[in-house]
Every structure is written in structure tokens, then in C-alpha cells.
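The values are calculated or read from the model by the stated rules, or taken from the named source; none is laboratory data. Since we're looking at a predicted model, the values are computed, not measured. So basically every Cβ, Gly included, is an ideal-geometry build from the backbone, and we count neighbours across all protein chains shown. Accessible surface is based on the protein model in full, side chains and every heavy atom, while ligands, DNA and RNA are left aside. Shrake-Rupley method; radii C 1.70, N 1.55, O 1.52, S 1.80 Å.
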Amino acid sequence: MTTKIIHFMVNGMLEQAEFGADCSAADVKDVFRAAAEAGPHHILKMYSMNGSMLNISPRLEANSRDSYYRLEVVASDLKSVGMPNELDTMEHRLNHLESKVMEDVGKTPDVVCELKSQVESFKRKLESVKHLSWMGLFKEAISDHQRSNLSPKPKSSQLSEQEQRQQVRRTFLNMSSLHVTEEVREHLKTPIFDNWQWEEAEMLVLLQVMFIDLDFLMAFHIQLDVLQNFLFEVYRHYNNIPFHNFRHCFCVTQMLYGLIWLTDLRSKISRIDLLIMLTSALCHDLDHPGYNNVYQINAQTDLALRYNDISPLENHHCAVAFGIMTKPECNILKNLSSDQYKHIRGGMIRCILATDMARHNDILNKFRSIQPVFNFTNKEHKEVLMNIMVKVSDISNEARPMAVAEPWLDCLLQEFFHQSDTEKLKGLPVAPFMDRDKVSRPSSQTSFIRFVLLPLFTELTKLFPCLEKHILEPVRRALEYYSDLERASKQEQEEGKRSTAGGGGGGEGGIGGAQDEIV
């Protein structure tokens with residue numbers, strides 16, 4: 001059987017693990033979890049020697065001792081590590097208190113007896129839970145041979161989609177009290193964050209971190225369990241489709257979160273408006289069916305009929321968001337005043353409807369007209385900016401590193417091709433940029449970047465010059481990259497035509513040709 005060896009550094013020691021070709025992702029993670037002496041719900045990440053995060057999976061590339069990876073626990077339960085000393089201290093103080101009371105009263109009060117009993121019970125409970133060995137309460141000896149030849153567990157059976165979602169919920173709740181490292185929290189504030197290296201439950205934990213670090217829980221009296229219920233319901237209402245899924249929701253929210261910190265927007269607009277933007281990003285594609293507005297209207301779907309062909313998807317996303325919040329256990333706005341609720345609801349509706357790219361030019365032109373005299377105290381100016389910030393975040397993939405951005409383009413094309421195939425079967429109009437027989441990947445991206453992204457990002461950068469290096473320059477580099485691919489593709493087509501007297505062309509149009517239907 002083919003195997004590969006992974007060399008990695010963990011807890012200051014150089015280790016190695018050997019995997020067979022039939023190992024599952026769960027098997028691989030269990031091995032590294034054991035090596036790091038991590039708990040079942042801690043979050044582990046692997047880094048290459050240049051600091052890039054690697055996906056802990058069977059696809060990890062074999063390496064040498066000289067090019068070892070670095071394994072780290074990036075979210076852990078710090079409180080639990082210190083618990084035994086605190087229990088010992090408490091027990092000592094109770095014994096001291098008991099002796100003092102005995103001197104004065106002559107007997108031990110019932111309340112002291114009860115406290116001692118509770119401490120003893122809790123210590124027994126901790127000692128009986130074997131999986132807590134990773135907390136440092138007690139450690140099981142692991143030989144050098146065991147460390148270097150950690151064996152994976154048998155493969156687990158496949159779960160249904162509903163079971164998988166419930167498993168995500170359980171994992172998220174178990175992870176929700178973990179302390180995420182400062183390094184990850186800072187990285188979360190940047191556009192270079194790599195979403196592909198995080199699992200669904202982990203992304204829910206990071207979304208919770210965003211709400212906490214922006215001080216939303218304290219400011220708006222949001223109970224932690226209500227936030228967790230809300231986040232899970234948002235996750236549950238994203239469909240398992242190639243592009244407009246929960247991972248896209250996370251990416252958009254994370255980009256907006258990063259922009260808030262990069263522009264120091266916290267000092268410029270109210271916290272309630274920050275909450276509007278972040279929650280809008282989170283909910284902006286809820287229950288997206290994978291078919292765009294044009295399809296909804298042409299096919300006369302229930303959504304198109306319900307919303308009179310006016311932004312049917314975006315109206316639906318809004319309705320689903322506030323439908324989730326009709327449940328008290330999920331309503332993060334339930335402790336706000338009536339005026340605050342109306343303000344947030346109105347703002348979320350505006351921001352989510354602004355993600356309909358059919359409105360792109362109107363919103364951009366409005367922002368362009370006020371940008372030279374922009375005033376953060378002007379209500380209309382601020383509302384336009386909020387729309388722009390959510391829009392930028394929604395279509396920001398090309399501002400990310402190419403290794404992060406390119407897989408998203410493949411996901412989008414997959415969703416587009418599925419729609420166009422359906423349209424052909426139903427005899428509906430098919431947009432060239434969605435037609436697998438006509439779309440040109442490079443030309444579509446150059447059109448999109450040149451005519452949609454650059455004008456939008458340029459205007460925002462005029463207001464926040466600090467964003468030039470963070471989002472504008474990466475988008476320019478992406479344009480150069482796809483322009484080179486486009487030239488190479490055209491040259492190849494011309495050579496093909498000369499040699500075969502009419503060989504195949506890739507077709508024009510592409511994603512950028514009708515960007516009003518992407519998001």
C-alpha cells in the first residue's frame with residue numbers, strides 16, 4: 001500500500017506521521033490531534049515553513065525533515081488548563097475556613113460541608129473524563145515509537161446532510177468557548193485570510209469572534225447562546241451549492257470585518273451601523289437557490305411572482321434573515337428598543353438589496369458624486385457608504401491572494417453552467433457568460449475586473465487611501481494575470497485557426513459580461 005510521511009514540529013519537538021492512501025480526512029486530523037495532545041474540539045492548523053496555512057487533510061504533501069511543517073493549536077480552552085490549581089486553592093481555603101470556624105463555634109457549618117462536597121464531586125468528575133488528558137490534568141505516556149507511527153482510526157460512515165449539519169452544530173457549540181489565539185484574530189482582520197483552510201464549525205467560531213471583538217454583545221445586550229443559535233440558523237439556511245453557500249457568506253463577512261478594522265470605521269460611524277453591515281454581509285445570500293434573478297424572472301418562479309420581478313433573490317434573502325429572528329432563541333435584536341430595531345431592519349434591507357448588481361451603476365454613481373464632499377455625519381452619505389462596503393465585500397474575491405481567489409471562480413462557473421444547462425432544457429434564454437460552450441474564463445475576468453471591480457474599488461480607495469495596498473493593488477495584479485492569460489488564449493486560437501483553417505474559439509462574454517447577475 002502506498003504511504004507518505006509528513007514531518008512536522010509540535011510543542012517544540014520534530015515528529016513524523018505516516019499515512020496510507022486510503023486515509024480519510026478525519027483519520028488524518030485525529031492523528032495530528034493526538035500528536036498535539038489536543039482535545040476533540042480544539043482547532044488545529046498546519047503551517048508551511050514560509051508561514052502559509054495548509055489544509056490538514058489526506059492531500060498534505062509529503063515533506064522532509066528539513067522542510068517540516070509546523071502544527072499549532074490555534075483555539076484552546078485556556079480556562080480549563082488552570083482549573084486544577086484553582087480547585088486545590090479553593091480546597092485549601094475551605095479547610096482553613098473550617099478550622100477557624102471550629103475554633104469559634106465548635107462545629108462545621110452546613111454551608112462549608114456543602115461546599116467541600118461540591119469541590120470533591122467536581123474533582124472526581126474531572127478525573128473520570130479520560131479525554132481531558134490533553135488539558136494537562138494528567139498525561140498519558142507516549143513512546144517515541146508511538147509518536148512517529150501514530151495510526152489512524154477506521155473510516156467513519158457517511159452521514160446525511162441533516163446529520164452533518166447537526167454534527168456541525170455540536171462541534172461549534174463544543175468549540176464556542178475556546179480561546180482563539182491573537183495571531184488568528186489579527187489575521188482574521190486582513191483580506192489575505194484563507195477561507196479554504198477552515199471547516200464549517202470553525203468558521204462559525206470565527207464569526208462569533210467577530211461579534212465579540214466588535215463589542216456587539218455588550219453594546220446590544222446579545223446573549224451568547226442567542227448569538228450561537230442565530231449563527232447556526234444562518235449556516236443552516238445556506239444551501240449546499242457550488243458558489244452561493246455558507247463559505248461564501250463567511251468570506252463576504254470576513255472581508256467586511258477586515259475593512260472595518262483597516263479603515264478604522266469604528267471611530268467614524270456608530271456601532272449600530274457596524275452591526276447592520278456585518279449582519280447584512282452574513283445574511284446577504286440566505287437560501288440562495290443557485291439560479292440568478294434573470295432565471296427567476298424568465299422561469300416565472302414563485303420568488304419572481306412574489307416580489308414582482310424586483311430583486312427577487314435579494315428580497316428573499318432579507319425575508320429569510322428576519323424570519324430567523326422571529327424565533328426568540330435566535331433573535332439577536334430582541335433586547336433593543338423599537339427605534340433601534342427599525343433602524344437595523346431598514347439598514348439591513350438597504351444593504352442586502354444593494355448586492356443586486358442590477359443596481360450597481362446607480363449606487364456607484366451616487367457614491368462617486370458625494371465622495372469629494374463625503375461627510376460621515378451626513379445620514380445619506382453614510383447609508384451610501386454602508387451599501388458600498390457590503391457590495392465591495394460581496395465581490396471581493398479578486399482582492400484576495402490568487403490561491404484563494406481562483407477556486408472561487410471555478411465554483412462560480414460550476415454554478416453558472418448548471419443554470420445554463422437547465423435553461424437549455426427548459427427553452428429559456430441563456431446568457432453567453434454562463435454557457436459552458438461559449439464562456440472564456442480569462443476574458444470574462446478581465447471584463448469584470450476592468451469594468452466592475454476597479455471603478456468600485458478605486459472610488460472607495462479615494463475615501464480610504466489605506467485600502468490601496470490591501471484591495472486595489474491585488475485587483476490590479478489580478479487584471480494583469482488574467483490579461484496575460486487572455487492574450488495567450490487568443491494567440492493559441494489564432495495559431496489553431498491558421499493550422500486547421502478554422503479551429504475552435506473560446507467565445508466572448510464570460511462572467512464580467514453580465515455581472516449584474518453574479519451575486
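In the structure displayed, which of 268/334; 438/469; 334/391; 426/490; 327/366 lie more than 30 Å apart, Cα to Cα? Spell out each step's value before the answer.
Values: 268/334 26 Å; 438/469 35 Å; 334/391 27 Å; 426/490 33 Å; 327/366 37 Å.
Violating the 30 Å limit, Cα to Cα: 438/469; 426/490; 327/366.
Mind running the shape call on the stretch 414-492? Use the C-alpha gyration tensor, a ≥ b ≥ c as the square roots of the eigenvalues: rounded below 1.5 for a/c, prolate if a/b tops b/c, oblate otherwise.
Details: a/c = 3.74, a/b = 1.81, b/c = 2.07.
Oblate shape, in that a/c is at least 1.5 and b/c is the bigger or equal ratio.
In Å and whole numbers, how far do the C-alpha atoms of the stretch 368-415 stretch along each principal axis, longest first?
Taking the Cα atoms of the stretch 368-415, the three principal extents are 42, 21, 15 Å.
Given the whole protein assembly as supplied and a 1.4 Å probe, what does the accessible area of residue 261 come to in Å², nearest 10?
Number for this one is 60 Å².
I'd like the distance between the alpha-carbon centres of the stretch 166-182 and the stretch 456-473, rounded to an integer number of Å.
What the calculation gives is 35 Å, centre to centre.
Lys and Arg at +1, Asp and Glu at -1: add these up for the other residues within a Cβ distance under 12 Å of residue 300 and post the number.
Working: positive: 306, 426; negative: 302, 309.
Residues close to residue 300 contribute a combined charge of 0.
On the first, second and third principal axes, largest extent first, how far apart are the outermost C-alpha atoms of the stretch 271-325 in Å?
41, 17, 16
Would you please put 272-284, 396-408, 322-334 in order of how densely packed they are, using the mean number of other Cβ atoms within 10 angstrom per residue and starting with the highest? Please report the intermediate quantities before stating the final value.
Numbers: 272-284: 24.4, 396-408: 19.0, 322-334: 15.8.
Going from most to least packed, we get 272-284, 396-408, 322-334.
Rounded to the nearest 10 Å², what accessible area does residue 238 have for a 1.4 Å probe in the complete protein model?
0 Å²
Can you give me the % of accessible surface on the stretch 357-487 that is carbon or sulfur? Probe 1.4 Å, all protein chains present, nothing else counted. Provide the component values of the computation, followed by the final result.
Details: 3030 of 5680 Å².
That share works out to 53 percent.
State the three equivalent ellipsoid semi-axes of the stretch 362-497, derived from the C-alpha gyration tensor as the square roots of 5 times its eigenvalues, in descending order and whole Å. Write down the numbers at each step before the final one.
Working: eigenvalues 211, 78, 32 Å².
Each semi-axis is the square root of five times an eigenvalue, giving 32, 20, 13 Å.
Determine the per residue accessible area of the stretch 281-423 with all protein chains present and a 1.4 angstrom probe, expressed in square angstrom.
39 Å²
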